[in-house]
1. Relative contact order of the chain: what whole-number percent is it, with Cα pairs under 8 angstrom and at least 6 residues apart?
2. Work out the FRET efficiency for Ala406 and Ile354 from their Cβ-Cβ distance, taking R0 = 45 Å, and round it to the nearest 0.05.
3. Compare the peptides 82-92, 239-249, 206-216, 397-407 by average per-residue count of other Cβ atoms within 10 angstrom and give them in order, highest first.
4. Pick out, from Phe264, Gly421, Gly402, the residue whose Cα sits farthest towards the positive end of the charge dipole of the chain, with +1 on the Cβ of Lys and Arg and -1 on the Cβ of Asp and Glu.
5. Provide the packing ranking of 133-146, 442-455, i.e. peptides ordered by the mean count of other C-beta atoms within 10 Å per residue, highest first.
6. Would you mind working out the magnitude of the charge dipole of segment 120-172 relative to its Cα centre, with +1 at each Lys and Arg C-beta and -1 at each Asp and Glu C-beta, to the nearest 20 Debye?
7. Please give the charge dipole size of segment 67-235, origin at the Cα centre, charges +1 on K and R Cβ atoms and -1 on D and E Cβ atoms. Round to the nearest 20 debye.
8. If you place +1 on the Cβ of every Lys and Arg, -1 on the Cβ of every Asp and Glu, and leave all else neutral, what size is the dipole of the chain about its Cα centre, to the nearest 20 Debye?
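Throughout, read-outs are computed from the coordinates displayed, never taken from laboratory work. It should be emphasised that the depicted structure is a prediction, and the values quoted were computed from it without experimental measurement. Cβ: placed from backbone, ideal geometry, glycine included. Neighbour counts: every protein chain shown.
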Amino acid sequence: MRIIFKFLENFWSEFKQYKTGIVGLSVLVIAILIVLFEGFIITYKEAPSRWRDITYWQDNSASAPPVWLNFFKSKKSPITENIIYEDIEIDNLVYKTKFVYDFKADEAPLDIILHSMITGNAAFNIKVTRPDGTSIVLFDEYYSDLNNTDLRVSLFNDAKTRVFRFYRESVSAIFRNKLDANTTSPMYVLFNTKGNDMASEFIPLKGKYIFETKTTFSENYTEEILFENPYIVAVGSLSGFLGTDNMKRDLFSGLVIGLKWALFIGMATSFVSVIVGVMYGIVSAYFGGKIDVSMQFVYQLFIGIPTLPVMIVMSAVFKPTIWTMIAMMITFSWTGSVMTVRSMAMQMKEETYIEAARALGAGHKRIIFSHLAPLLLPFSFASMALAVPSAIVYESSLSLLGLGDASIVTWGQILHDAMKGSAVLSGLWWWIVPPGLLIALLGMSFAFLGFALDKILHPKLKTR
């Protein structure tokens, strides 16, 4: 154990002299921590399993820019936020909840959506009290035979008639016809300062909007919970740390989820392919003769195959999954370390200690795995680090072309969706730039790490 600690101490003292290696290691450690604490980092906890479920994202705004853009805008836009009830009052079969929305933006929100889980027969009523003291009944409906149903009420769609009635009651008769019900958003009216110019000019009425719901059940025919999990989603024109795509999905959550798959694909592919390549090179050099010629012929065949085009054809023919992609990348990428290992092994097999091992009766297996492989395996660490970026880029390329595994979320698939959604033409840069930068950053960090390991390990191998 003391020898191991001494080795690690010496290795670290040499490794920390290479600044690029420190940068690469730091990025890798941060990436691993993000993967470990993914559940606490992502905003939408069910995003990994419901990324392609449209209903899960229906409360978001489509193609919304990131919320931090507000820092650079003179007129502040509303951001998407969840509002938890401040008070709930239960009186027999009547459930009353109160929500407070502190409106501070210079533009009206896109929608106000109320959710609650309801079981039974119930009348559902929504009322809002504006900062100017005006109270408006926005919604009043009766529902029957609900069975733990997520009741979703969108004020943009379900309260339009009542909001426009409030407008007509708030302006003089000559201004009532100025409101175009087909083009005017009810949110534009609901959050506007009361006046005759409400239809033509938006003067935000900032302050606290108190939304109250009243759920009255007609009978208590079950012992199950009748009413639970009430909350409001204020849908803004800005959403999330990295915005949303045209399917209303939170891109920050998608990028965090994609990180573990980038690491898994890159590290699994590089580990297996480099180990295979190292052992292939050792065996080829050790036996030499016809075996070496045959193995080098196979090597030349594989190294001459254009990897990405073949992978594209195979992914188009066979159903692409994460495992088939990894298998294909291993099949065509094991050749990377063969020739370097072979040249080292050819020198090492002539060493005195190898001859001594043969004289003592050591077999081929023992010499390869006990004497040659342990000395050449350190080289594989640098090769593994350098092979990871290629694996990540290959997967991203296949996914970008629509040939990836649709059951998982990867950065390449996010870019593919951006290409299909005409993100470039629409100016949705937050849908394109972050995944591209992350692919480059993660690949660069492994390259830096590999270069540092290469500089440390190669001189030691050459002196043996």
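1. With pairs under 8 Å counted, the relative contact order is 21 percent.
2. After rounding, the FRET efficiency stands at 0.30.
3. Details: 82-92: 11.9, 239-249: 21.9, 206-216: 17.8, 397-407: 19.5.
Averaged packing, sorted descending, gives the order 239-249, 397-407, 206-216, 82-92.
4. The Cα lying farthest towards the positive end belongs to Phe264.
5. Most protected by this proxy first, the peptides run 442-455, 133-146.
6. Dipole magnitude for segment 120-172 comes out near 260 debye.
7. Values: 19 positive and 24 negative charges, 210 e Å.
For segment 67-235, the charge dipole is close to 1020 debye.
8. Dipole magnitude for the chain comes out near 1940 debye.
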